[in-house]
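Reviewing the structure listed below.
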There are 2 protein chains.
Amino acid sequence: MRALVFDVFGTLVDWRSGIARAFLASNVSGDPEELADAWRARFWPLLAAVSAGERPWANFEELHDAALNELLAERGMDLPTVERARLLDAWHQLDAWPDVRTGLDALRGERVVAALSNGHVALLVDLARHSDLHFDCVLSTELTRTYKPAPEAYLIAPRLLNLEPAEVMLVASHPLDLKGARRAGLRSALVERSLEHGEGSPVREDPDADLSVRDLHELAQRLPA
Amino acid sequence: MRALVFDVFGTLVDWRSGIARAFLASNVSGDPEELADAWRARFWPLLAAVSAGERPWANFEELHDAALNELLAERGMDLPTVERARLLDAWHQLDAWPDVRTGLDALRGERVVAALSNGHVALLVDLARHSDLHFDCVLSTELTRTYKPAPEAYLIAPRLLNLEPAEVMLVASHPLDLKGARRAGLRSALVERSLEHGEGSPVREDPDADLSVRDLHELAQRLPA
């Protein structure tokens, strides 16, 4: 196993707290965490429509924008452009979970460490800079114009790193993502992010994953040398 | 100016010393530095043939391999596979010039810092790891299947970073590269690498560059805040 590639949203960064904070600072009325969940919930069907070929290619920025439009329209709210931009920009400034910066550094000693996210490169670069995360390279499914869990979206990693799929392990907190990686021939490790959806988040398990760990430091300890 | 993108071979890493060391450790007879120059000289026409569409797409590894074949054939030499592989591998282990690691860190504070090389991603990742260079992301013209100085090869940087071409500056030690960047609408900075071709290297000047500097620390000082 020569490279670890990391899902980003939920796995490395806490999108929900960051987006809730942005709603709190905005003039949008309502429970900030419910608003964050509602925005995210409207995002997934748009991404699925792109994957199904029912919607032209659009990156995360464009899909977040469209999902925000839907959310505001449904609730009969309007927002000035500046404030909409501030909400969109919050996706570029999400904090990493506390173990991530040092965990990536520990893992990077032995193996190539890369992002592999559905987020576009510009967004991933901003997030890495925001939390001072050091990746050996930032890979995005944008480069394939597909989204995970499509096989091509995973295979960009071994292809660009000049490795076999089985030499690459996806680390993610979502079983659907890990399953997609395995289907493409990669290995998989589940990192439990028990706070991704706040207190009382659903417990995730993936019996088919090579490893299940609580955080990146446990991953560093448990990977074979 | 929001991002700095760096040429790698010659600009950030000292390819000639590393390749000469690899020849010295090999069973290839001859002056190691002359051999390094001869290998490099046979590489350029192959790359030009790819750019001209006269040769199918091939990455640096494949072009280095073909150029080494030519060199050895011309000199009537044969090498066991293991030793050929060792020479090819030397391109993955070139040392950075002494100012590069700390210079990139200084520059990365204010702006996005990325590689933008004709080398393929896997090779750039190995070089960054070898010299502990921290890029915000590693961009390669491999992603466009063109080579610099083709405009598309430069435009991948603003496109993936979501910037205007004029918000991106190419830093390189080769006037041809800087000229190509300007033609694509990027800004350009010449870094003088007076030892790229050993003692007595040709002096490079580029009066059209936005800046000319001796090393990356001078670049950090002279860039507008």
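Observations
- In the stretch B:5-29, the residues that are more than 12 Å from the chain's Cα centre (by Cα) and part of a loop (DSSP other than H, G, I, E, B): B:Ala25, B:Ser26, B:Asn27, B:Val28, B:Ser29
- Test: residue in the stretch A:69-86 that is surrounded by fewer than 16 Cβ atoms within 10 Å (Cβ to Cβ), assigned to a helix (DSSP H, G or I), in contact with a helix residue (DSSP H, G or I) (Cβ under 9 Å, 6 or more places away or on another chain) and among the hydroxyl-bearing types (Ser, Thr, Tyr): no
- Breaking point among (1) without any contact (Cβ under 8 Å) to a residue 12 or more places away in the chain; (2) within 14 Å of chain A (Cβ to nearest Cβ); (3) not in a helix (DSSP H, G or I), for B:Glu62: (3)
- The single condition from (1) surrounded by 15 or more Cβ atoms within 10 Å (Cβ to Cβ); (2) assigned to a helix (DSSP H, G or I) that B:Ala48 fails is (1).
- Number of positions in the stretch A:142-199 that are in contact with a His (Cβ under 6 Å, 6 or more places away or on another chain) and aromatic (Phe, Trp, Tyr): 0
- The listed residue being among the hydrophobic types (A, V, I, L, M, F, W, C) and within 17 Å of A:Ser140 (Cα to Cα), out of A:Leu186, A:Leu223: A:Leu186
- Subset of the stretch B:1-14 (residues that are under 24 Å from B:Glu34 (Cα atoms), out of contact with any helix residue (DSSP H, G or I) (no Cβ under 7 Å at 6 or more places or on another chain) and of a type outside the set (Val, Ile, Thr)): B:Gly10, B:Asp14
- Output for the stretch B:117-139, where each listed residue is of a type in the set (Gly, Ala, Ser) and at the interface with another protein chain (Cβ under 7 Å from one of its Cβ atoms): B:Ala122, B:Ala128
- Scanning the stretch A:189-202 for residues that are charged (D, E, K, R) and exposed (fewer than 15 other Cβ atoms within 10 Å of the Cβ) returns a single hit, A:Glu199.
- Test: residue in the stretch A:165-174 that is assigned to a strand (DSSP E or B) and within 14 Å of chain B (Cβ to nearest Cβ): yes
- With respect to the stated conditions, B:Leu186 is away from chain A (no Cβ under 14 Å) and crowded, with 23+ Cβ neighbours inside 10 Å.
- With respect to the stated conditions, B:Leu116 is crowded, with 19+ Cβ neighbours inside 10 Å and part of a strand (DSSP E or B).
- Residues in the stretch B:140-159 that are within 11 Å of chain A (Cβ to nearest Cβ), crowded, with 20+ Cβ neighbours inside 10 Å, closer than 16 Å to B:Leu4 by Cα and out of contact with any Ser or Thr (no Cβ under 8 Å at 6 or more places or on another chain): B:Ala157, B:Pro158.
- Any pair with Cβ under 8 angstrom, 6 or more apart, that starts in the stretch A:157-176 at a residue that is on the phi < 0 side of the Ramachandran plot and charged (D, E, K, R) and ends at one that is part of a helix (DSSP H, G or I) and surrounded by fewer than 21 Cβ atoms within 10 Å (Cβ to Cβ): none
- Hits in the stretch B:129-139 - residues which are in contact (Cβ under 8 Å) with a residue 12 or more places away in the chain and surrounded by fewer than 21 Cβ atoms within 10 Å (Cβ to Cβ): B:His130, B:Ser131, B:Asp132, B:His134
- Qualifying positions in the stretch A:205-220 - under 17 Å from A:Trp97 (Cβ atoms) and more than 16 Å from the chain's Cα centre (by Cα): A:Ser212, A:Val213, A:Arg214, A:His217, A:Glu218, A:Leu219, A:Ala220
- Annotation note: of B:Asp132, B:Asp105, the sole residue that is assigned to a helix (DSSP H, G or I) and either modelled with pLDDT of 95 or more or in contact with a Ser or Thr (Cβ under 9 Å, 6 or more places away or on another chain) (or both) is B:Asp105.
- Among (1) in the same structural domain as B:Pro202 (by TED's automatic domain parsing); (2) not in a helix (DSSP H, G or I), the one test that B:Arg55 misses: (1)
- Scanning the stretch B:8-28 for residues that are without any contact (Cβ under 8 Å) to a residue 24 or more places away in the chain and among the hydroxyl-bearing types (Ser, Thr, Tyr) yields nothing.
- Filtering the stretch A:148-199 to residues that are within 13 Å of the chain's Cα centre (by Cα) and of a type in the set (Ser, Thr, Tyr) leaves only A:Ser173.
- Residue check for B:Arg182: farther than 13 Å from B:Gly103 by Cβ and touching a residue at least 60 places away in the same chain (Cβ under 8 Å): no
- One residue stands out in the stretch A:91-102 among those that are of a type outside the set (A, V, I, L, M) and in a loop (DSSP other than H, G, I, E, B): the one that is nearest to the other protein chains (Cβ to nearest Cβ), namely A:His92.
- Yes/no for B:Thr81 being at pLDDT below 95 and of a type in the set (Ser, Thr, Tyr): yes
- Restricting the first member to the stretch B:30-43 and to residues that are outside any helix (DSSP H, G or I), and the second to residues that are not aliphatic (A, V, I, L, M), the beta-carbon pairs closer than 8 Å and six or more apart or on different chains are B:Gly30/B:Phe23; B:Gly30/B:Arg75.
The values are calculated or read from the model by the stated rules, or taken from the named source; none is laboratory data. On a predicted model such as this, the values are computed, not experimentally measured, just so you know. Cβ atoms come from the backbone with ideal geometry, glycine included; neighbour counts cover every protein chain shown.
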